[in-house]
Amino acid sequence: MIYIFNIIFIVCQLTLISCTNKKNLKNNNISFNQIYISIQNNIKNNNYTKAIEELHYLEKIYPFNPYRQQINITLIYSYYKLNNFLKAKNLIDQFLRLNLIHTQLDYILYMRGLINMALDYNTFHKYFHINRTDRTTEHIQEAIQDFKKLIQYFPHSQYIIDTNYRLNYLNNRIAKYDLAVIKYYDQCGAYISVVNRFAKILSDCSDTRTIWKTLPYLHKAYLKLKLDYAAKQIEKIMSSIN
């Protein structure tokens, strides 16, 4: 008899716990929705610091909620808008490792490209109107790879048009960097390197003005290398431009 009463007691306790959990779950859902509405309002009002605070709070109290991926995407955007590009990039790389298949992967790749572009462009240079085309292109190379992946895997993405525009800009940015490198090689007398760098610019660049600016250095390199025929061909092109 005592055994039966124990069984009944345990069943009643389990039923009570189940009902309590359902009630708490219902309250949690309301709380989650309220917080997320607040997050959306903060983003709409450009209050990204507060939005990030609330997003991390949601991550903490609802670690296994079905909207975790969307929370991460919103965090990426919010950190990007706050110019915290390294944090946003780290979140993207983490997202890509954990979500090989996702409906918004094109957006993630697009954002990664934008962030790498932003990392390339120092706000100090922007403020003082300094044109540093001779700076390294590490982040630009990454951005190009991000945008190329987007075009390859998501050819019908809504971001394709803007991506193509940015790729064109980035290739020209690299060409200007290569021009700065050519000038350096010319100063050092490394004329074979001048020729090789020009071939790279010709392959990557769609900005004819940048190509024209390299021609005098290429012409000089051919003369120094005793490649007279090639030098004459470049001279003819330069004469036709002028």
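The values are calculated or read from the model by the stated rules, or taken from the named source; none is laboratory data. All values reported here derive from a predicted model rather than from experimental measurement. Please note: Cβ atoms are built from the backbone with ideal geometry, for glycine as well, and neighbour counts cover all protein chains shown. Heads up: the accessible areas ignore ligands, DNA and RNA and are worked out on the full protein's heavy atoms, side chains in. Shrake-Rupley method; radii C 1.70, N 1.55, O 1.52, S 1.80 Å.
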TODO: Could you figure out which of (1) free of Cβ contacts under 8 Å to residues at least 24 places away in the same chain; (2) surrounded by fewer than 17 Cβ atoms within 10 Å (Cβ to Cβ); (3) closer than 26 Å to L170 by Cβ isn't true of F198?
DONE: (2)
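Can we say S203 is open to solvent by 90 Å² or more (accessible area, probe 1.4 Å) and of a type in the set (G, A, S)?
Criteria met by S203.
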Open item on the list: Exactly one condition in (1) assigned to a helix (DSSP H, G or I); (2) surrounded by fewer than 16 Cβ atoms within 10 Å (Cβ to Cβ) is false for K226; which is it?
Closed with: (1)
TODO: Looking only at segment 55-77, decide whether some residue is open to solvent by less than 90 Å² (accessible area, probe 1.4 Å) and in contact with a His (Cβ under 8 Å, 6 or more places away or on another chain).
DONE: yes
Open item on the list: Any residue in segment 137-158 that is closer than 13 Å to A118 by Cα sitting within a Cβ distance under 6 Å of a residue that is part of a helix (DSSP H, G or I) and open to solvent by 20 Å² or more (accessible area, probe 1.4 Å)? List the pairs, counting only those 6 or more apart or interchain.
Closed with: T137/Y177; H139/L119; A143/M117
- [ ] Go through (1) over 14 Å from the mean Cα position of the chain (by Cα); (2) modelled with pLDDT of 95 or more one by one and return the number of the condition L150 breaks.
- [x] (1)
- [ ] Evaluate the following for I174: is it surrounded by 18 or more Cβ atoms within 10 Å (Cβ to Cβ), touching a Cys at 6+ places or on another chain (Cβ under 9 Å) and among the β-branched types (V, I, T)?
- [x] yes
